[in-house]
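All remarks here apply to the structure that follows.
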Amino acid sequence: MKKHWYDYMWIVSLAYLILGFFNILFAWLGLLCFFIPLLISAVKGTKGYCNRYCGRGQLFGLLGGRVGLSRKRDIPKWMKSRGFRYGFLAFFFVMFFQMLWNTYLVFVGTADLKQVVTLLWTFKLPWQWAYHGTLFHPGVAQFAFGFYSVMLTSTILGLITMVLFKPRSWCVYCPMGTMTQMICRVRNGRK
Amino acid sequence: MERTIRRKRKAVVDTDMCVACGCCVKVCPMEAIEIWRGIAARVAEEKCVGCGKCARECPASVIEIREEGERR
């Protein structure tokens, strides 16, 4: 099958995770993974981002497929149910807004900048080596730490389900995928 | 001598459970699958040869290979 430029987006995804290890401010670039899929679904009414450009999905496909790190078993029924998918989206939203709230507190000076990356919403990893100061407000860095936590957490969840089930199992419950499909459903109707 | 009749096999998508990720589209050698309006995968029956690549790839395992006329 003919390869396209967008078939190499997994390199961008991998580079993103690596860059955040050296300078946390690169985490801001991850917003593109939020806005581009939403824009495509809202404007074009397709899941073009998932279908073509999602580097994270490609990375899981590569590691689980060609590298062979996946057991390639069926995902449990409950994990593909609408209840779980929408529930996970809601949970993701709540945690995301909590992260935005923490950023806000740093912006208004109520809280100090915490140079940690929170994994799986629980484990706080010191990450101070990736912070070299900012030209802007410390809140800008706080958002970067928070956003990188979201991205790393979802990568870890995706890697776990990649190993246990099929390579791109993450796509089944990816909050962005669920959200863009929901937008397409509303926009295009359920004909 | 008895003759065995082989029915054509086709991919069938459970559209209600499909997450529209597009993994099936990428692996289909016949370009027989599309993601319809970002909602679910749709198979062009006339192009599908029932090879089963899409069913193996589907992360939600919602594609089945069935013989034509077979109902579930």
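Bear in mind these aren't lab numbers, they're just calculated from the coordinates by the rules spelled out. All of these numbers come straight from a predicted model, not from anything done at the bench. Here Cβ is always computed from backbone atoms with ideal geometry, including for glycine, and neighbour counts include all displayed protein chains.
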Which Cys residues of the protein assembly as shown have no other Cys beta carbon under 4.7 Å away?
A:CYS33, A:CYS50, A:CYS54, A:CYS174, A:CYS184, B:CYS18, B:CYS23, B:CYS28, B:CYS48, B:CYS51, B:CYS58
Lysines whose Cα lies under 27 Å from that of B:LYS53, excluding same-chain neighbours fewer than 8 positions away
A:LYS2, A:LYS3, A:LYS47, A:LYS72, A:LYS77, A:LYS80, A:LYS166, B:LYS8, B:LYS10, B:LYS26
Size of electric dipole in chain A: Cβ of Lys, Arg +1 and of Asp, Glu -1, about Cα centre, debye, nearest 20
1240 debye
How large are Rg and Dmax for the range A:2-77 when only the alpha carbon atoms are used, in Å?
14.4, 40
Nearest-ten-degree value, helix A:175-188 long axis tilted from longest Cα axis of chain A:
60 degrees
With the charge dipole of chain A built from beta-carbon charges (+1 for Lys and Arg, -1 for Asp and Glu) about the Cα centre, the Cα from A:VAL67, A:TYR104, A:PHE93 projecting farthest to the positive end belongs to A:VAL67
For the pair A:ILE18 and A:ILE36, how long in nm is the line joining their label points, each one 7 Å along Cα→Cβ?
1.8 nm
Largest fluctuation, A:ARG56, A:ARG66, A:ARG85 only, Gaussian network model of chain A with Cα springs under 10 angstrom, belongs to A:ARG66
For a test of the definition: using alpha carbon positions, the gyration tensor, and the 1.5 limit on a/c, classify the range A:125-191 as rounded, prolate or oblate.
oblate
Based on the alpha carbon coordinates of chain B, what radius of gyration and maximum Cα-Cα distance (Dmax) apply, in Å?
12.9, 50
Ordering A:69-82, B:43-56, A:167-180, A:133-146 by per-residue average of other C-beta atoms within 10 angstrom, highest first, gives A:167-180, A:133-146, B:43-56, A:69-82
Within 10 Å of each Cβ in A:53-62, the average number of Cβ atoms from other chains
1
Would you tell me the mean number of C-beta atoms belonging to other protein chains that fall within 10 Å of each C-beta in B:58-66, as a whole number?
6
Relative to the longest principal Cα axis of chain A, at what angle does helix A:82-107 sit, 0 to 90 degrees, rounded to 10?
20 degrees
Report the label-to-label distance for A:PHE136 and B:ALA44 in nanometres (one decimal), using points 7 Å from each Cα along the Cα→Cβ vector.
4.6 nm
Specify which residue in the list A:TYR173, B:GLY69, A:ILE183 is farthest towards the positive end of the charge dipole of the protein assembly as shown, using unit charges on the beta carbon of Lys, Arg (+1) and Asp, Glu (-1), about the Cα centre.
B:GLY69
Rounded to the nearest 500, the 222 nm mean residue ellipticity computed for chain A from DSSP H runs (n ≥ 4, each -39500 (n - 2.57)) alone is -17500 deg cm²/dmol
C-alpha center-to-center spacing [the range A:166-186, the range B:30-72] in angstrom
18 Å
Return the average number of partner chain Cβ atoms within 10 angstrom of each residue Cβ along peptide A:163-171.
4
Compute the acute angle (0 to 90°) between the alpha-carbon long axis of helix A:9-22 and the principal axis of greatest extent of the alpha-carbon atoms of chain A; round to the nearest 10°.
20 degrees
Sort out for me the Cα centre separation of the range A:107-126 from the range A:1-64, rounded to whole Å.
25 Å
How long are the semi-axes of the equivalent ellipsoid of the protein assembly as shown, defined as square roots of 5 times the Cα gyration tensor eigenvalues? Whole Å, largest first.
40, 18, 16
According to a simple spin-label model (label point 7 Å from Cα along Cα-to-Cβ), what is the distance in nm between A:VAL116 and A:PHE93?
2.8 nm
